[in-house]
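A.B. asks: Below is a structure I'd like to ask you about.
The values are calculated or read from the model by the stated rules, or taken from the named source; none is laboratory data. Predicted model, so just to flag it, every value in this text is computed and none were measured. Cβ coordinates were reconstructed from backbone atoms using ideal geometry, including for glycine residues, and neighbour counts include every protein chain displayed.
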Amino acid sequence: MIEIERKYLVNSLDFKEQYFKKSEIAQGYISSNPERTVRIRIKAEKGFLTIKGKGNESGATRLEWEKEIPVDEAKELLKLCEKGIIKKTRYEIQSGKHIVEVDVFYGENEGLIIAEIELENENETIVKPNWLGEEVTNDERYYNAFLSKNPFKSW
């Protein structure tokens, strides 16, 4: 139930030559309050309800609870979400023992590409692909809940 991840900007499209899985994602927020976000997601025809707590000081660790729900229920719940549905394509790439999830955003967040790497602990060493750029783990502007209200195109 504890999520530990680091976020990075992506500085080239070279990752597209390395992915082993690709999924379309639509997600919205029933609550985008940073203290407790409640997210509805549809990913590859599966629905998910996710609750996340506030991140720690580094921004890398926080409580996360997720449950798969029927996709038809997720579609209905998306209609109840706050304004600003996020649409993106997720590419999964193996890098050492980790999976790097690269999100290419569309719509109001087009032009933004972010990579996330889940870790077992905050000090874990990662093999950084050459297309990973600046770390933005503790920059709330890159949180999806923030992007849903403050799209990248408006920065």
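For (1) within 21 Å of residue 132 (Cα to Cα); (2) of a type in the set (Val, Ile, Thr); (3) at pLDDT 95 or above, each residue gets a yes or a no:
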{"residue": "8", "(1), (2), (3)": "yes, no, yes"}
{"residue": "12", "(1), (2), (3)": "yes, no, yes"}
{"residue": "21", "(1), (2), (3)": "yes, no, yes"}
{"residue": "27", "(1), (2), (3)": "no, no, yes"}
{"residue": "33", "(1), (2), (3)": "no, no, no"}
{"residue": "45", "(1), (2), (3)": "no, no, no"}
{"residue": "57", "(1), (2), (3)": "no, no, no"}
{"residue": "74", "(1), (2), (3)": "no, no, yes"}
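A.B. asks: In addition: Looking at the range 130-144, can you tell me whether even one residue there is surrounded by 14 or more Cβ atoms within 10 Å (Cβ to Cβ), charged (D, E, K, R) and not in a strand (DSSP E or B)? Step through it out loud before you land on a result.
C.D. replies: As a first pass, look at the range 130-144 and keep what is surrounded by 14 or more Cβ atoms within 10 Å (Cβ to Cβ): 131-133, 135-138, 142-144.
Going one step further and asking which of them are charged (D, E, K, R), we end up with 135.
Restricting the remaining residues to those that are not in a strand (DSSP E or B) gives none.
No, because not a single residue in the range 130-144 is surrounded by 14 or more Cβ atoms within 10 Å (Cβ to Cβ), charged (D, E, K, R) and not in a strand (DSSP E or B).
A.B. asks: Within 16 Å of the chain's Cα centre (by Cα) and without any contact (Cβ under 8 Å) to a residue 60 or more places away in the chain - does that describe any residue in the range 125-142?
C.D. replies: yes
A.B. asks: Right, next: Mind checking which residues of the range 56-105 are over 22 Å from residue 5 (Cβ atoms), assigned to a loop (DSSP other than H, G, I, E, B) and among the acidic types (Asp, Glu)?
C.D. replies: 82
A.B. asks: Next question. Go through (1) buried (at least 17 other Cβ atoms within 10 Å of the Cβ); (2) touching a strand residue (DSSP E or B) at 6+ places or on another chain (Cβ under 6 Å) one by one and return the number of the condition residue 59 breaks.
C.D. replies: All conditions are met except number (2).
A.B. asks: Now a separate question. Which residue pairs have Cβ atoms under 9 Å apart, sit 6 or more places apart or on different chains, and have a first residue in the range 32-47 that is surrounded by fewer than 17 Cβ atoms within 10 Å (Cβ to Cβ) and a second that is of a type in the set (Ser, Thr, Tyr) and in a loop (DSSP other than H, G, I, E, B)?
C.D. replies: 34/143
A.B. asks: In addition: Looking at the range 118-127, can you tell me whether even one residue there is over 20 Å from residue 35 (Cβ atoms), in a helix (DSSP H, G or I) and modelled with pLDDT of 95 or more?
C.D. replies: Within the range 118-127, the first condition is being over 20 Å from residue 35 (Cβ atoms), and the residues that meet it are 118-127.
With the extra rule that they be in a helix (DSSP H, G or I), the set shrinks to none.
No, because not a single residue in the range 118-127 is over 20 Å from residue 35 (Cβ atoms), in a helix (DSSP H, G or I) and modelled with pLDDT of 95 or more.
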